[in-house]
1. Could you list, in sequence order, all residues of the range 51-64 that are farther than 9 Å from residue 26 by Cα and more than 13 Å from the chain's Cα centre (by Cα)?
2. What's the number of the only condition in (1) more than 9 Å from the chain's Cα centre (by Cα); (2) in contact (Cβ under 8 Å) with a residue 12 or more places away in the chain that residue 18 fails to meet?
3. Across the range 24-60, what is the number of residues that are surrounded by 14 or more Cβ atoms within 10 Å (Cβ to Cβ), assigned to a helix (DSSP H, G or I) and without any contact (Cβ under 8 Å) to a residue 40 or more places away in the chain?
């Protein structure tokens, strides 16, 4: 029996695309909408990406982290 958090399947979404979208358009939550995290995207949209700081830090973490997942819990592709 496979547990959801141990799913080796990769997402069809790319962490590089998510990171670049988040850095360039993070004030609108675009990187989060791309990965399927709608609630987080709306929060970033309403706060203008935490006045830009949240969006920038989030984008950098998307680019350097290997543990970021999409809304289904699958690891983002490199």
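Please treat every number below as a calculation from the coordinates, not as lab data. Just so you know, these numbers come straight off a predicted model, no measurement behind them. Neighbour counts are summed over all protein chains in view; Cβ atoms, including those assigned to glycine, are modelled from backbone coordinates with ideal geometry.
1. Correct list: 51, 53.
2. (1)
3. Residues meeting the conditions: 22.
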